[in-house]
Each structure stands twice: as C-alpha cells, then as structure tokens.
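Peer 1: Pasting in a structure now, in structure tokens, and then I'll have a few things to ask.
The values are calculated or read from the model by the stated rules, or taken from the named source; none is laboratory data. All figures in this text were calculated on a predicted structure; none of them were measured in a lab. A quick note on method: Cβ atoms are made from the backbone with ideal geometry, for glycine too, and the neighbour counts reach across all protein chains shown. Side chains included, ligands, DNA and RNA excluded: accessible areas come from the protein's heavy atoms. Shrake-Rupley method; radii C 1.70, N 1.55, O 1.52, S 1.80 Å.
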Amino acid sequence: MLVRMHEILDEAYERGYGVGAFNLLSMEAVKGALRAAEALQLPIILQLAEVQLNDSPLELMIPMFLDAARRASVKVAVHYDHGLTFGNILKAIKLGCTSVMFDGASEPFEDNVRKTAEIAKIAHAFGADCEAELGTVGSEGQESLLSAGMFTDPAQALDFSERTECDFLAVAVGNVHGNYAAEPALQTDLIEQISGSVKKPLVLHGGSGISDAEFRKAISCGIAKINVCTAILNETNSRVKKLAEKKFKYSELSNVLEEAACSTIKRHMSVFSNR
Ligand SMILES: [Zn+2]
C-alpha cells in the first residue's frame, strides 16, 4: 500500500531498524524491488533522483512507482531523491510522490535553511514529507578528501532541523556516493550525537559498499533510511555483461534486469531490518 514516508520511517526510527530506499531506473527494477519487499514482508522506499531523469523521466516513472505501491501487500513510499530545482520538486509532488528531498547541502548554510524551509512548507501543504541534507556527502573517489569540517555538525543540525521543519535529515558522516575505494568507516559516534540532538529519522546516502556490521551500527545510532543506488547498477552491469557474451532474447534481458534489482535489494533489506 502507498503510504507517506514518515509512516515508515518514524516506526523504523523508534524501533531501531533501517529501511532501504532504492533508486530504480526501469520497469524491470520496479518489478524486482516489489518482489523483494513482498518476499521479505518489509516496507520499502522507491525513489528516483533528479540526475537520473534523462534516462528515466519523472512523468513515466512516478506513476509506475505509485501503481506498484498501491498494489503491494507491504508499505511503500514513493520519494523524489536529490531534488535540485524547484520546478522538478514541485512536479514530483504534483505527480504524487509521498516525499521529496531538497539537496541544498552545497549551498551556504542560510540559503540551505531558507530553500529547505520553503520546500518543506509546500510539501506539507500537499500532504508529502520533506528530506533535507546538511554537510558534504562526497562523491566517488573523494573519501580520502573528506575532512571533519565536511561532516554534519550536531548543534547546527538541530538549528537547521527546527528552522526548516524538514521531516528527515540526510547526514554526512564519512559516507560517499558511488563506489568506495576502500571499506568506509562511518563516524557512528557522530551519528549518535546528531540523532540525540535532532531527534528525527536520519538518512544515510551512499549505501553501496558499506559492510553489514557498519550498516547495523549506523542504524543502532539513529539512521532510519539508507539510500542504495550504485549496488543495483553494479549488479545489473555485471549480469548484463555476462548475458551479452552469447546471443540472447529480450525476455532474458528483462529477466536479468529484474533479478539484479531483486537480489541486491533483498540482500540490503535483510541487513537493514536485521532479518
Ligand atoms: Zn544521495
């Protein structure tokens, strides 16, 4: 069933488990994601990021996410990830996303506060939730460049959270997007401090390549939503590569796309939920 994201995340945050939010770029990936969630009987978040819209247009993908969510036997939230422009965020809300993220982390603090507060207000008026980001989540290959100054500051996070009225906060705690060069060491003490001060579900971006133990530790410290994108793409790429070694039918390709998403998502959901 389709639900608002806070319905899923508030419960996860209180009970101390994590919920996977998976970026899905095709119909097959959506089918695989729903199959994984229903097999495990766990809530799931289907999402799409603004940088992915060239390949997977919002107008085609969101109605499909919503339809899949309504048919599902588990709780499903439909989220617009890393919204960068006001126009696209508004479009996502109007299409029916049950939450949107505004990514103003690269902007000066006061600009991030002002824009996030405005988007949170609009999202709430339409019955949707708002995720925001504070601190610098690095990009692939940048982990050695991450310094303490880029991490989310707990006191600033509280100020930000109160002034913006965002529902969930994405944090920078040693995590990076894409592939990690070496297994990352998350700043779990920092997660605990931010959670203690903000008291809202926290979001971990860059969830591809973190060890099971690190995931569990981060969740126990206050992470409720974990974004996973690259792990699905990596699995898809390697399976497609193998398939392409011989002549194949379209139905086989379709099956590979669905299976790659399903198996990757199942594996992550099991770790996040402690099952
Ligand atoms: Zn992200």
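Peer 1: Can you find even one residue in region 152-167 that is hydroxyl-bearing (Ser, Thr, Tyr) and more than 18 Å from the chain's Cα centre (by Cα)? Reasoning before the result, please.
Peer 2: Filtering region 152-167 for residues hydroxyl-bearing (Ser, Thr, Tyr) gives 152, 161, 164.
Keeping just the survivors that are more than 18 Å from the chain's Cα centre (by Cα) gives 161, 164.
So far as region 152-167 goes, yes, one or more of its residues are hydroxyl-bearing (Ser, Thr, Tyr) and more than 18 Å from the chain's Cα centre (by Cα).
Peer 1: Still on this structure, I have one more. Would you please list the contacts, defined by Cβ atoms under 7 Å and residues six or more apart or on different chains, that run from a residue in region 243-260 that is polar (S, T, N, Q) to a residue that is surrounded by 10 or more Cβ atoms within 10 Å (Cβ to Cβ)?
Peer 2: Within 7 Å, the pairs are Ser254/Glu28.
Peer 1: Okay, moving on. So Gly96 fits all but one of (1) within 22 Å of Ser263 (Cα to Cα); (2) open to solvent by 10 Å² or more (accessible area, probe 1.4 Å); (3) of a type in the set (Gly, Ala, Ser); what number is the exception?
Peer 2: (1)
Peer 1: From the list Ile89, Ile93, exactly one residue is within 16 Å of the ligand (Cβ to nearest atom), within 25 Å of Ile223 (Cα to Cα) and without any contact (Cβ under 8 Å) to a residue 40 or more places away in the chain. Which is it?
Peer 2: Numbers: Ile93 fails: within 16 Å of the ligand (Cβ to nearest atom).
Unique residue meeting the criteria: Ile89.
Peer 1: Looking only at region 30-62, which residues are in a helix (DSSP H, G or I) and closer than 21 Å to Glu131 by Cβ? First the steps, then the outcome.
Peer 2: Applying the first criterion (in a helix (DSSP H, G or I)) to region 30-62 yields 30-40, 50-52, 58-62.
Hits for region 30-62 are Val30, Ala33, Ala37, Glu50, Val51, Gln52, Leu58, Met61, Ile62.
Peer 1: Can you give me the number of residues within region 35-55 that are under 17 Å from Cys229 (Cβ atoms) and crowded, with 19+ Cβ neighbours inside 10 Å? Write out each step before concluding.
Peer 2: In the first step, residues of region 35-55 are kept if they are under 17 Å from Cys229 (Cβ atoms); the result is 36-37, 44-55.
If we keep only those that are crowded, with 19+ Cβ neighbours inside 10 Å too, we end up with 36-37, 44-49.
Number satisfying all stated conditions: 8.
Peer 1: Also, I was wondering about something else. Just checking, does region 242-262 include any residue being open to solvent by less than 50 Å² (accessible area, probe 1.4 Å), in contact with a strand residue (DSSP E or B) (Cβ under 9 Å, 6 or more places away or on another chain), among the hydrophobic types (A, V, I, L, M, F, W, C) and within 16 Å of the ligand (Cβ to nearest atom)?
Peer 2: Applying the first criterion (open to solvent by less than 50 Å² (accessible area, probe 1.4 Å)) to region 242-262 yields 243, 253-254, 256-258, 260-262.
Checking which are in contact with a strand residue (DSSP E or B) (Cβ under 9 Å, 6 or more places away or on another chain) leaves us with 261.
Subset that is among the hydrophobic types (A, V, I, L, M, F, W, C): 261.
Filter once more, so that each one left must be within 16 Å of the ligand (Cβ to nearest atom): none.
No, region 242-262 contains no residue that is open to solvent by less than 50 Å² (accessible area, probe 1.4 Å), in contact with a strand residue (DSSP E or B) (Cβ under 9 Å, 6 or more places away or on another chain), among the hydrophobic types (A, V, I, L, M, F, W, C) and within 16 Å of the ligand (Cβ to nearest atom).
Peer 1: Restricting the search to region 218-233, which residues are within 16 Å of the ligand (Cβ to nearest atom) and touching a helix residue (DSSP H, G or I) at 6+ places or on another chain (Cβ under 9 Å)? First the steps, then the outcome.
Peer 2: Quick first cut of region 218-233, residues within 16 Å of the ligand (Cβ to nearest atom) only: 218, 223-233.
Those that are within 16 Å of the ligand (Cβ to nearest atom) and touching a helix residue (DSSP H, G or I) at 6+ places or on another chain (Cβ under 9 Å): Ala218, Ile223, Ala224, Lys225, Ile226, Val228, Cys229, Ala231, Ile232, Leu233.
Peer 1: Would you check which residues across region 1-29 are in contact with a Lys or Arg (Cβ under 7 Å, 6 or more places away or on another chain), open to solvent by 10 Å² or more (accessible area, probe 1.4 Å) and not in a loop (DSSP other than H, G, I, E, B) and list them?
Peer 2: Answer for region 1-29, where residues must be in contact with a Lys or Arg (Cβ under 7 Å, 6 or more places away or on another chain), open to solvent by 10 Å² or more (accessible area, probe 1.4 Å) and not in a loop (DSSP other than H, G, I, E, B): Leu2, Glu7.
Peer 1: Would you be able to say whether some residue in region 125-147 is away from the ligand (no atom under 16 Å from the Cβ), open to solvent by less than 10 Å² (accessible area, probe 1.4 Å), touching a residue at least 12 places away in the same chain (Cβ under 8 Å) and in contact with a Leu (Cβ under 7 Å, 6 or more places away or on another chain)? Please lay out each step first, then the result.
Peer 2: Filtering region 125-147 down to residues away from the ligand (no atom under 16 Å from the Cβ) leaves 125-129, 144-145, 147.
Then drop every residue that is not open to solvent by less than 10 Å² (accessible area, probe 1.4 Å), which leaves 128-129.
This time we only want the ones that are touching a residue at least 12 places away in the same chain (Cβ under 8 Å), so: 128-129.
Within this subset, residues satisfying the condition of being in contact with a Leu (Cβ under 7 Å, 6 or more places away or on another chain) are none.
No: zero hits.
Peer 1: Output the number of the condition that Pro184 fails; it satisfies all remaining conditions of (1) open to solvent by less than 50 Å² (accessible area, probe 1.4 Å); (2) within 16 Å of the ligand (Cβ to nearest atom); (3) under 20 Å from Val78 (Cα atoms).
Peer 2: With respect to (1) open to solvent by less than 50 Å² (accessible area, probe 1.4 Å); (2) within 16 Å of the ligand (Cβ to nearest atom); (3) under 20 Å from Val78 (Cα atoms), Pro184 is out only on (3).
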